[in-house]
Amino acid sequence: MPHRAGLGLKPEHFAHIQEHQPDVGFFEVHAENFLVAGGPMHHHLTRIRERYALSIHGVGLSIGGEDPLDLVHLEAVACLVDRYQPAVFSEHLAWSSHGGVFFNDLLPLPYNLPALQRVCEHIDQVQNRMGRPLLLENPSTYVEFISSTWSEGDFLREVIHRTGCGLLLDVNNVYVSSTNHGRDPHLSLCELPCHAAGEIHLAGFAEDLDAAGDRLLIDTHGAPVAEAVWALYGTALAITGPLPTLIERDNDLPAFEVLQQEARVAEKHMLAPASGSSHVNPCPRTKTRYAPAQEATSWALPGRTEYSQPRSARHGGVVR
């Protein structure tokens with residue numbers, strides 16, 4: 001893909017894109033919206049794909065799940081990738097199904113050795129079927145696990161090392177998760193294996209208060225990119241250099257021109273590191289937080305109680 005900004009492709013904008021052929025770097029679609037043989041969605045995507053680079057983003061493979069991958073679902077997604085030959089295929093470091101039940105959410109997993117082994121096995125399976133590396137997206141999270149023995153950054157780094165996949169760096173997710181867990185977003189970004197990033201996501205969030213009155217951010221993709229996320233994006237670019245960057249908007253969809261303007265802002269940010277400061281590493285040196293002696297052999301599933309409490313239940317870093 002070109003090192004430019006792209007937009008999520010929505011049916012509401014099909015006609016505008018085909019009529020005006022706007023100057024956009026690429027479009028991204030969710031795989032699960034196209035897992036049928038034909039119909040109007042494929043008609044429009046085929047026409048748009050003729051003129052624009054394409055990224056396909058999966059949201060249902062449940063890479064982090066305890067169950068084996070759903071082979072029917074994997075085959076359907078792989079056939080879609082074969083059909084359109086996107087520049088990038090990506091999925092989430094999350095789980096969304098268990099025991100044959102599918103959840104309308106991307107749920108967090110603990111960062112420990114059993115989860116690492118499952119994630120790597122699933123990624124190997126996906127990459128072997130597709131014949132290409134995938135990009136794995138860092139999640140937005142609202143709870144943490146007492147069974148985690150790795151930091152998110154070290155966990156992702158080890159997954160990338162073992163499987164050869166890349167990172168889909170979601171800067172908004174970094175900001176949302178860091179705020180929810182009381183961490184510095186800049187330091188959280190620096191802990192991630194940004195050297196392996198092949199694409200960046202930007203999005204908006206909603207804001208609420210948790211039970212203790214603390215700030216709680218929700219990754220809704222229903223608002224413009226926040227100024228704090230734009231600032232964090234600038235830091236990310238100083239680490240990675242310019243990368244294809246998607247403006248995600250899935251709810252409260254505005255006019256196409258509004259999203260295109262956000263894409264232009266992203267491209268201005270891409271030019272900023274070239275002004276002379278990009279050689280300065282914005283990250284301090286960090287040490288690994290992996291603690292092998294504390295490895296847990298089990299992890300949280302629906303109905304179990306291994307979730308930690310949200311940040312509001314924390315006191316002095318100890319989870320009740």
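The values are calculated or read from the model by the stated rules, or taken from the named source; none is laboratory data. The structure displayed is predicted, hence computed values, not measured ones. Positions of Cβ are generated from backbone atoms using ideal geometry, with glycine treated the same way; all protein chains shown enter the neighbour counts. Only protein heavy atoms, including side chains, enter the accessible area calculation; ligands, DNA and RNA are left aside. Shrake-Rupley method; radii C 1.70, N 1.55, O 1.52, S 1.80 Å.
Within the stretch 74-85, is even one residue part of a loop (DSSP other than H, G, I, E, B) and at pLDDT below 95? So that I can check it myself, show each step before the final result.
The initial filter retains those residues of the stretch 74-85 that are part of a loop (DSSP other than H, G, I, E, B), namely 85.
Subset that is at pLDDT below 95: none.
Within the stretch 74-85 (the criterion being part of a loop (DSSP other than H, G, I, E, B) and at pLDDT below 95), the answer is no, since none of the residues qualifies.
Does the stretch 39-46 contain any residue that is touching a strand residue (DSSP E or B) at 6+ places or on another chain (Cβ under 7 Å) and over 22 Å from GLN261 (Cα atoms)? Walk me through how you get there before you give the answer.
Initially, the stretch 39-46 is screened for residues touching a strand residue (DSSP E or B) at 6+ places or on another chain (Cβ under 7 Å), giving 45.
Still in the list and also over 22 Å from GLN261 (Cα atoms): 45.
Yes, the stretch 39-46 contains at least one residue that is touching a strand residue (DSSP E or B) at 6+ places or on another chain (Cβ under 7 Å) and over 22 Å from GLN261 (Cα atoms).
If I filter the stretch 86-94 for residues that are touching a Phe, Trp or Tyr at 6+ places or on another chain (Cβ under 8 Å), part of a helix (DSSP H, G or I) and open to solvent by less than 60 Å² (accessible area, probe 1.4 Å), do I get at least one hit?
No, that holds for no residue.
Testing TRP150 on (1) under 16 Å from the mean Cα position of the chain (by Cα); (2) within 15 Å of VAL119 (Cβ to Cβ); (3) open to solvent by 10 Å² or more (accessible area, probe 1.4 Å); (4) of a type outside the set (S, T, N, Q), one condition comes back false. Which one is that?
(1)
One line per residue, one yes/no per condition, for (1) in contact with a Cys (Cβ under 8 Å, 6 or more places away or on another chain); (2) surrounded by 18 or more Cβ atoms within 10 Å (Cβ to Cβ):
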{"site": "LEU107", "(1), (2)": "no, yes"}
{"site": "TYR111", "(1), (2)": "no, yes"}
{"site": "GLN117", "(1), (2)": "no, no"}
{"site": "CYS120", "(1), (2)": "no, yes"}
{"site": "ILE123", "(1), (2)": "yes, yes"}
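Have a look at ASP210, ASP214, ASP219 and point out the one that is within 16 Å of the chain's Cα centre (by Cα) and either in contact (Cβ under 8 Å) with a residue 24 or more places away in the chain or more than 24 Å from TYR142 (Cβ to Cβ) (or both). If you could, list the steps in order and put the result at the bottom.
Numbers: ASP210 fails: within 16 Å of the chain's Cα centre (by Cα); ASP214 fails: within 16 Å of the chain's Cα centre (by Cα).
Result: ASP219 is the single residue among ASP210, ASP214, ASP219 that is within 16 Å of the chain's Cα centre (by Cα) and either in contact (Cβ under 8 Å) with a residue 24 or more places away in the chain or more than 24 Å from TYR142 (Cβ to Cβ) (or both).
In the stretch 159-206, which residue that is part of a helix (DSSP H, G or I) and free of Cβ contacts under 8 Å to residues at least 24 places away in the same chain is surrounded by the most Cβ atoms within 10 Å (Cβ to Cβ)?
We begin by selecting, within the stretch 159-206, every residue part of a helix (DSSP H, G or I); these are 159-163, 171-180, 185-191, 194-196.
Subset that is free of Cβ contacts under 8 Å to residues at least 24 places away in the same chain: 161, 178.
Values: HIS161: 12, SER178: 20.
For the stretch 159-206, the residue satisfying everything is SER178.
Would you be able to tell me the number of residues in the stretch 1-37 that are surrounded by fewer than 17 Cβ atoms within 10 Å (Cβ to Cβ) and part of a strand (DSSP E or B)?
Number of matching residues: 1.
Testing LEU156 on (1) closer than 21 Å to ALA78 by Cα; (2) of a type in the set (A, V, I, L, M, F, W, C); (3) part of a helix (DSSP H, G or I), one condition comes back false. Which one is that?
(1)
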